[in-house]
1. Give the relative contact order (percent, whole number) for the chain; include only Cα pairs under 8 Å separated by 6+ residues.
2. Based on DSSP, what percent of beta bridges with both residues in the chain are antiparallel, to the nearest 5?
3. To check my understanding: the extent here is largest minus smallest coordinate of the Cα atoms along each principal axis. What are those three numbers for region 3-91, in Å, largest first?
4. So who's got an amide H within less than 5 Å of the one on Thr150, skipping anything under 5 residues away but keeping other chains? H placed 1.01 Å off N, in plane.
5. For Tyr278 and Asp134, what does the FRET efficiency come to when R0 = 30 Å and r is the distance between their Cβ atoms, rounded to the nearest 0.05?
6. How tilted is helix 3-21 with respect to the longest principal axis of the chain? Cα atoms for both, answer in degrees (0 to 90, nearest 10).
7. Pop out the carbon and sulfur fraction of the accessible area of the chain as a percent, whole number, probe 1.4 Å.
8. Given a Förster distance of 41 Å, report the FRET efficiency between Thr59 and Leu96 from their Cβ-Cβ distance, rounded to the nearest 0.05.
Amino acid sequence: MSSVLLKSLKLAEIDLENSVNGLGRLDGVTVVESVGHCEQHGEYKKWSRKLAVLSSIKTETVCPKCAKNRVDLIKQQIDDELKQTKNLEIDRLMSLANITPRFKNCTFENYYPPNPSAEKNLRLCRAFADKWLDRLKNGGGMVMIGSPGTGKNHLAVSIVKTVIEKHQHSAVITSVNKIIREFRSTWGSNSAKSETDVINHFSTPQLLVIDEVGVQYGTNSEQMIIFEIINTRYEQMRPTILISNETRERLAEIIGERVIDRMRDGGGVEIVFNWESYRQ
Ligand SMILES: Nc1ncnc2c1ncn2[C@@H]1O[C@H](COP(=O)(O)OP(=O)(O)OP(=O)(O)O)[C@@H](O)[C@H]1O
Ligand SMILES: [Mg+2]
Ligand SMILES: [Zn+2]
């Protein structure tokens, strides 16, 4: 917020206050009342401060209606500036969120639950987004498991968009494969990034969605990496959403009971998507 605008507002508010309530008396100064004339609003009561000795006018109140308009105008300018700053921040966060074109328009409103389970999942995802600040306070995450084409990504994207648009918090979608790839890229001897950099990178966003958990269950070190990221986030009370096509039992085997345990903490939720694909 520009300090110039805030200063102008303060001055305009003083002018308005004086134009309505008059000027206070000061030592060596007299206050005279007269009738002022505004070209726009006609006559108004005017106060003038005159130096007792020289009788020169020091301060004069202005038309109260004009003063009010000026205050409103500056408030509007401040409001516009705040909105503009907010929109720029939303654009910046959205460009970092990795929402692919296919999911760009996905929202809670255009998710049409085909059955009561889907309805419940929609409700839980909405609640996750609506109670985002509580989530952040308690660090609770979410596990979305189930069959293909049932809208897991659709709803995860809707949560990400809500977090960004309503709170201007950072929210990022990634996948296990992308994380592993980032990790492997640090192994070359001329890599500028370290493994810690990668862990920090994925621990920074306030919300992280990790997709395709279990698609390519690799080595123990890969399991370690995922654990490191989820654990770092867990310790910093940053919610994580995991998406997987695996069953609950299989997922626990893949990423380890410890991870699942952390996902459950802080009011974490687990939702299952088991119905036919929405894809044709
Ligand atoms: N109930 C629904 N209402 C509206 N669109 C839906 C619904 N379910 C899925 N879709 C749409 O179908 C497509 C597939 O959904 P999505 O990618 O979210 O499924 P998924 O569960 O992540 O699948 P996969 O496990 O294969 O990754 C998307 O374009 C999504 O917007
Ligand atoms: Mg998906
Ligand atoms: Zn006026």
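1. Numbers: 422 pairs, mean separation 55.3, N = 280.
Normalised by residue count, the contact order of the chain is 20 percent.
2. Working: 13 of 30 bridges.
Within the chain, antiparallel bridges account for around 45 percent of the total.
3. So the three principal-axis extents are 60, 29, 17 Å.
4. Amide H to amide H, under 5 Å and 5 or more residues apart or across chains, Thr150 pairs with Tyr278.
5. Computed FRET efficiency for Tyr278 and Asp134: 0.50.
6. Taking Cα atoms only, the helix is inclined about 40 degrees.
7. Working: 8220 of 16170 Å².
Carbon with sulfur: 51 percent of the solvent-accessible area.
8. Working: r = 52 Å, r/R0 = 1.27.
For R0 = 41 Å, the calculated efficiency reads 0.20.
The values are calculated or read from the model by the stated rules, or taken from the named source; none is laboratory data. Note that the structure is predicted; figures quoted are calculated from it, not measured. Neighbour counts run over all protein chains shown; Cβ positions are idealised from the backbone, glycine included. All accessible areas refer to the heavy atoms of the entire protein, side chains included, with ligands and DNA or RNA removed. Shrake-Rupley method; radii C 1.70, N 1.55, O 1.52, S 1.80 Å.
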